[in-house]
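Structure first, commentary second.
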Amino acid sequence: MTATSTSGKTRPQASAHRPNRRRKEALKGLFFIAPAMILVLVFFVFPVLFTAWMSLHKWPLLGAPTWIGLRNYTRMFSDERFYSALGFTAYYTAIVTVVIFAFAFPMAMLVEQKRRAVPIYRTFFFLPVVVGLASASLLWTWLSNVDSGFFSPLLEQLGLTSGRINLLATFDLAFWTIIAMVVWKIAGFTMIILLTGLQSIPAELVEATRIDGAKRWQRFRYLTLPLMRKTLALALVLSVTGSILAFDQFYIMTSGGPQNRMISIVYYIVNQSFVSFNLGYGAALSIAVLVILLVLSLAQFWLLRDKGERA
Amino acid sequence: MTQARKSFQRRRVLGIFAFHGSASVLSLLFLTPFLVAFLGSFRAGQEASSPPIPPWPTNGFSLDAYRALDTFGAGIWQHTINSLIVSLSTALITVVISLLAGYGFSRHRFPMKNVLFVLLMATLMIPFQSILTPLFIMLAKLKLNNSLFGLTLVYVTLQLPFSVFMMRNAFDAVPKEIEEAARVDGVRDLKLLTRVLLPLVMPGVATVAIFAFLNAWNEFLAALIFLSSNDEYTLPVLMTAVRVGRLGSINWGAVQAGVVVMIIPCVIVFLLLQRYYMRGLTAGAVK
């Protein structure tokens, strides 16, 4: 890519100092990227290696760490609470992804149309994406509160429920309240990703199938969906990875309750590392999450790979 | 013939109604939480803890909720300023560093260039949640724990892969001839970068700055873990204290006011710079 920058024009008088110039050029390049590389090495690459190192130790907050080999990992594989955190995270990820797509896909098809006011609708749908997940969680904690909130009193006044129901008191209600919050917050993002896919479908193709008499559903099933394979895969992976790392909403909205059944895997790491101060065990759990995410990234490459076929 | 045209006309009108009907209902669903919080936060005293039906103040406009919010932590100004310091310096440092790195990766030749770039991008695959523990220990060793500067450095690092990618693309899009011409005029290196190229990559800079600002402003988990003293809390961390409440009761007025304070900068930045925001989003998506 950048080879052209030096090979493009050869000036005769410069060729004498060529090796020297090239070294100077290389030094300059390294100088420009140095700050970025140093920060990433110190605050990212090194901590990743450090996590692996820590996971092989019993590492208290104060006092010296002791080497215990793989015992943190054997502990992890027999840790009931680790499995329940993993199970809950998987359950949440599956449900929230399906619900997000159920909203985001129709929304994308809605704002893909060339009609009046579409940019305004698109902005409205997207607005919750730009606020923080913590702010959104806090807002919905209030809206879902039984005494001072918005939803239960509204449902009661509309006569849909007799009396006010506490939306955050039982697991199922709290779970679906959180799903609703996350969909409100994220659906606009997925919508935009899907929209880029929809817009890349050539209009002539749609027109041609229409003339051929394909029904609306057939066009969707045999034209739109296959052509959106890559976009769908990308939106899917983004939604899944984001959901696996969920923390804010459970911490803020339900504090991991009711009955500690809403402890996601990141929540469990935070509890082990910074509440119980089992830093070594927390590191082992972190490595587990890291491996899961790496596998997903590889799956992403596999899903997004070019099959050699060109539409 | 006229029959067919009439039915076509009717279908068209129905289509318009169906479209705007469903889009308006959805818009209302997405906007309601914002409106309820915003209007509700101006209700007076006791009214703020009753259900927001209707959401607007019925006993007159009041700033009670914001005054209540101010009694938490070190006062709402202090925490807003903390958040602003972290977010603005994250944006500034990220822009400077990714500008340099983007220029280096786009326009210079040096050994291991591609390896280093791939290494930088590969960090995107690793969730930062999995390195919180060592970061916590490292920051403590560097005496940067419980400091807004330490938090800023972490945020900048998390922002870099995306930002360097954006800036490299921005520089790649600048024609080489412009640089050649400037070189002929004797403008070189940093001067070339700041005087000649910077104006040309400004859209990329805007995108990088917006994302850095918003992500730092909204980040919760790292701030929760790295900041331990009250005075240093950023807004999201302060709000957990408000959400827990005092003596078993939560001041819901303060919660509403806090949410409004946290949301408003995001909404303003987004509405003003929507074009650059969307560009970053799709660039990230298509990568």
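So if I place +1 on the C-beta of Lys and Arg and -1 on the C-beta of Asp and Glu, and nothing else carries charge, what would the dipole magnitude of the range B:74-286 be about its Cα centre? I want it in debye, nearest 20. Can you show the working numbers first?
Working: 15 positive and 9 negative charges, 45 e Å.
Approximately 220 debye in magnitude.
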inquiry  = Please arrange A:S276, A:S148, A:S78 by how many other C-beta atoms lie within 10 Å of their C-beta, fewest to most.
reply    = A:S78, A:S276, A:S148
Rg [Å, one decimal], Dmax [Å, integer] - the range B:74-286, C-alpha atoms = 19.8, 72
remark   = trypsin sites (Lys or Arg not before Pro) in the range A:126-221 lying in a DSSP loop, each with at most 11 other Cβ atoms within 10 Å of its Cβ, come to A:K215
query = Taking amide H positions as placed 1.01 Å from N in the peptide plane, with prolines and chain starts having none, which residues 5 or more places from B:N145, or on another chain, fall under 5 Å of its amide H?
reply = B:A140
key: Of A:I100, A:I179, A:I165, the one that fluctuates the most in a GNM where chain A has Cα springs shorter than 10 Å   = A:I165
Most mobile of B:G245, B:G21, B:G40 in a GNM of chain B (Cα contacts under 10 Å) = B:G21
About the Cα centre, charge dipole magnitude for the protein assembly as shown (Lys/Arg +1, Asp/Glu -1 at Cβ), debye = 2300 debye
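Mind giving me the FRET efficiency for A:I211 and B:R275? R0 is 56 Å, r the Cβ-Cβ distance, nearest 0.05 is fine. Mind showing how you got there, number by number?
Numbers: r = 36 Å, r/R0 = 0.64.
Plugging the Cβ-Cβ distance into 1/(1 + (r/R0)^6) gives 0.95.
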note = Result row for chain B, helices from DSSP H with C-alpha axial extent 20 Å or more and mean Kyte hydropathy at least 0.5, is B:2-40, B:76-107, B:148-172, B:202-218, B:252-272
key: Residue with peak Gaussian network fluctuation, chain B [Cα springs, cutoff 10 Å], from B:T157, B:T32, B:T90   = B:T32
key: Sorted peptide list for B:178-185, B:214-221, criterion being average Cβ within 10 angstrom, highest first   = B:214-221, B:178-185
request  = Over the Cα atoms of the protein assembly as shown, compute the convex hull volume and normalise it per residue, giving Å³.
outcome  = 213 Å³
key: Interatomic Cα distance distribution for the range B:161-274, bins of 10 angstrom, percent   = 12, 28, 23, 17, 12, 6, 2, 0
request  = Per DSSP H run of at least 4 residues, take -39500 (n - 2.57); add these up for chain B, divide by its residues and hand me the 222 nm value, nearest 500 deg cm²/dmol.
outcome  = -23000 deg cm²/dmol
Charge dipole (chain A, unit charges on Cβ, about Cα centre) - positive-most of A:I186, A:P106, A:V118 = A:V118
note = Once amide hydrogens are built 1.01 Å from N within the peptide plane, the residues lying 5 or more places from A:H57 or on another chain with amide H under 5 Å from its amide H are A:I68
message = In whole Hz and in residue order, list the ³J(HN,Hα) couplings for the range A:182-191 that follow from phi through the Karplus curve 6.51 cos²θ - 1.76 cosθ + 1.60, θ = phi - 60°; x for Gly and Pro.
response = 5, 5, 4, 6, 9, 3, x, 5, 4, 4
task = Would you kindly derive the ³J(HN,Hα) couplings of the range A:241-250 from the backbone phi angles with the Karplus curve 6.51 cos²θ - 1.76 cosθ + 1.60 (θ = phi - 60°), listing them in order in whole Hz, with x for Gly and Pro?
result = 4, x, 6, 4, 8, 4, 8, 3, 5, 6
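Quick check on the range B:2-66: what are the equivalent-ellipsoid semi-axes from the Cα gyration tensor, as sqrt(5λ), descending, whole Å? Before the final figure, lay out the partial values.
Numbers: eigenvalues 397, 18, 11 Å².
One finds semi-axes of 45, 9, 7 Å for the range B:2-66.
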remark   = Among A:K28/B:K176; A:K24/B:K143; B:K141/B:K191, the pairs whose Cα-Cα distance exceeds 26 Å are A:K24/B:K143; B:K141/B:K191
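Please state the charge dipole magnitude for the range A:60-123, taken about the Cα centre, from unit charges on C-beta atoms (+1 on K and R, -1 on D and E), reported in debye and rounded to the nearest 20. Mind dumping the intermediate values first?
Details: 7 positive and 3 negative charges, 77 e Å.
With only Lys, Arg, Asp and Glu charged at Cβ, the dipole is about 380 debye.
Every number in this text was worked out from the coordinates using simple rules, so none of it is lab data. In this text, all values refer to a predicted model and were calculated from it rather than measured experimentally. Because the Cβ atoms are built from the backbone with ideal geometry, glycine has one as well, and the counts that use them run over all protein chains shown.
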